[in-house]
Each structure stands twice: as structure tokens, then as C-alpha cells.
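**Student:** Encoded as C-alpha cells, here's the structure I'll be asking about.
The values are calculated or read from the model by the stated rules, or taken from the named source; none is laboratory data. These numbers were taken from a predicted model, which means no experiment stands behind them. A quick note on method: Cβ atoms are made from the backbone with ideal geometry, for glycine too, and the neighbour counts reach across all protein chains shown.
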Amino acid sequence: MANDSQETPELRKVHCNECRRETEHRLLMTVQGDSGENVELDELDGHECTIWWETTFDLLQCCGCRETLLRRTFIFSPHDDRPDVRYFPPRVSRHSPKWRDALPCDVRLLLDEVYRALDADNYRLPMMGARALVDMVMVEKIGDVGRFDQKLNELERAGFVSSKNREVLAAALDAGSAAAHRGYAATPAEVNIVMDIVENMLQAVYVLHDAAQKLKKLTPPRPARTARR
Ligand SMILES: [Zn+2]
């Protein structure tokens, strides 16, 4: 009999963290988890109603890169019209930069926490974390010299950020402060802009600055010009 569905039954379209997009996944195994049903009396109309629930675990493997993940689907009927679907490991919303390992340990660990908060679709926590990261870098590089704007000025004076980057960092700090003190939840687009700014600053301070110093040491000096005979 012909299959009307466009999708092969064993294949599922799921986001792949390695391929960084939605790809076909092969369903390797399905395991039934907790399930059951209860008959309850409806307090409003006095009728009996049956409630039931079921949990399903699907082991899925990307057809492209073979990365494998577990999908947990929980259905609670009749109260839920949409199942609760979770993935392990969760979908990565923002990937760590390649130069992550060049960062000092405390900065790297805080940056990792910010990424994990983003993976869980949190928006206030990453903003607070971004603000803490900027503060950490400023105190380490220029010392605790007063208010945020004073530290930013010092950061610019020390040559770690350009004038333009100082402006965008000030915006990032304001977003982090609003998240911490006024409960402001930034949109995903705003959070991504702040993360771009913070990553640029970290790369400039810890990666590019060191790379420039090393390059300077390795580059042989220009030979002195010899006078023509
Ligand atoms: Zn993949």
C-alpha cells in the first residue's frame, strides 16, 4: 500500500547540535516510560472523567553526522493539548567560540554558564551573566576604579576597546542591569546582540591582544639598508 506521508516512518526531522540545523534523524529505539490512567469525579458537573498520561523516550540519530540524542515526550490528557517534549542533550542555541580555551578559567566557566542558560531558553540570566563577565574583565584589566562608565572609559584608555565598542558595551551593561534590578526580559534578538558584543570584547582582550604580542616577537626586524656603492 502506498504511503501518503512525505516522511519515512523511521525518520524524524529534529534539530542537530552538530549540524546546527534541522536534519533527518533515524529512530533507533523507543522505550515506554511512566504511564497510567485514573477515573476522577468532575467537581463541577459531577460526571466521571478519565485522565491518562504517558511518557515515551525516543533514541534518535542524525543521518548526517550520526550524533545521537534522546527525546522525552510526556502527554497528560485531557488537560494538555500539547505534549511536553524535551531533548537530552538540549538544543544548543549558541555555540562556544573556537578561542574559548584561550580564556582565563574563571571567565571561561562563567561564559559556559551563560551559554547553558541560553540553551534552556532563559533570557534574564544570560544578561546578568554578560554584565558580570564585562565587570570581571574590567576589574582584572584596569582594577576597581569606580562606576561602570568610569571603568569603561579606563578600558578604552588602556586600548582594550575602541570608542565604538565602548558605546556598545555600555548598552550591554545597561541591558544586564535592567535584567538584574528591574526584571527586564530582553528579546532573543537583543540577547544575541549583547552576546556578540561580549564575545568581541573577550576576543579582543584575551585572544587578539596576546596573538598580536606573539606575532610582534616572532617577526624578524627589517634588515638595515645597505648603502649603494
Ligand atoms: Zn547532525
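**Student:** In region 19-28, is there at least one residue being within 16 Å of the ligand (Cβ to nearest atom) and hydroxyl-bearing (Ser, Thr, Tyr)?
**Tutor:** There is at least one residue in region 19-28 that is within 16 Å of the ligand (Cβ to nearest atom) and hydroxyl-bearing (Ser, Thr, Tyr).
**Student:** Counting only residues that are in a strand (DSSP E or B) and surrounded by 14 or more Cβ atoms within 10 Å (Cβ to Cβ), how many does region 77-119 have?
**Tutor:** Number satisfying all stated conditions: 1.
**Student:** If you don't mind, another one. Could you list, in sequence order, all residues of region 133-152 that are assigned to a loop (DSSP other than H, G, I, E, B) and of a type in the set (A, V, I, L, M)?
**Tutor:** Scanning region 133-152 gives a single hit, Val145.
**Student:** Does region 188-201 hold any residues that are over 12 Å from Pro126 (Cβ atoms) and either touching a helix residue (DSSP H, G or I) at 6+ places or on another chain (Cβ under 7 Å) or among the polar types (S, T, N, Q) (or both), and which are they?
**Tutor:** Listed by number, the residues that qualify are Ile197, Asn200, Met201.
**Student:** Given the conditions (1) charged (D, E, K, R); (2) modelled with pLDDT of 80 or more; (3) not assigned by TED's automatic domain parsing to the domain that holds Leu109, report the number of the one that Arg229 does not fulfil.
**Tutor:** So the condition that Arg229 fails would be (2).
**Student:** Listed residues Leu60, Leu70, Leu44; which is surrounded by fewer than 16 Cβ atoms within 10 Å (Cβ to Cβ) and in a strand (DSSP E or B)?
**Tutor:** Leu70
**Student:** Please work out if Arg72 is within 16 Å of the ligand (Cβ to nearest atom), on the phi < 0 side of the Ramachandran plot and in contact with a strand residue (DSSP E or B) (Cβ under 6 Å, 6 or more places away or on another chain).
**Tutor:** In short, no.
**Student:** So in region 47-57, with the set limited to residues that are surrounded by 14 or more Cβ atoms within 10 Å (Cβ to Cβ) and aromatic (Phe, Trp, Tyr), which one is modelled with the lowest pLDDT?
**Tutor:** Trp53
**Student:** Follow-up. Can you name the number of the only condition in (1) touching a residue at least 12 places away in the same chain (Cβ under 8 Å); (2) within 16 Å of the ligand (Cβ to nearest atom) that Arg66 fails?
**Tutor:** (1)
**Student:** Then there is this: Output the number of residues of region 172-229 satisfying the condition of being basic (Lys, Arg) and either under 21 Å from Leu103 (Cβ atoms) or surrounded by 16 or more Cβ atoms within 10 Å (Cβ to Cβ) (or both).
**Tutor:** Going through region 172-229 one residue at a time, the tally reaches 1.
**Student:** Another question, then. Those residues that are under 12 Å from the mean Cα position of the chain (by Cα) and among the small types (Gly, Ala, Ser), I need them from region 80-131; list them, please.
**Tutor:** Hits for region 80-131 are Ser93, Ser96, Ala117, Ala120, Gly129, Ala130.
**Student:** Could you check region 75-89 and list, in sequence order, the residues that are within 16 Å of the ligand (Cβ to nearest atom) and either under 29 Å from Glu37 (Cα atoms) or among the polar types (S, T, N, Q) (or both)?
**Tutor:** Tyr87, Phe88
**Student:** Please go through region 109-165 and pick out each residue that is within 15 Å of Asn200 (Cα to Cα) and in contact with a Ser or Thr (Cβ under 9 Å, 6 or more places away or on another chain).
**Tutor:** Correct list: Leu111, Arg131, Glu156.
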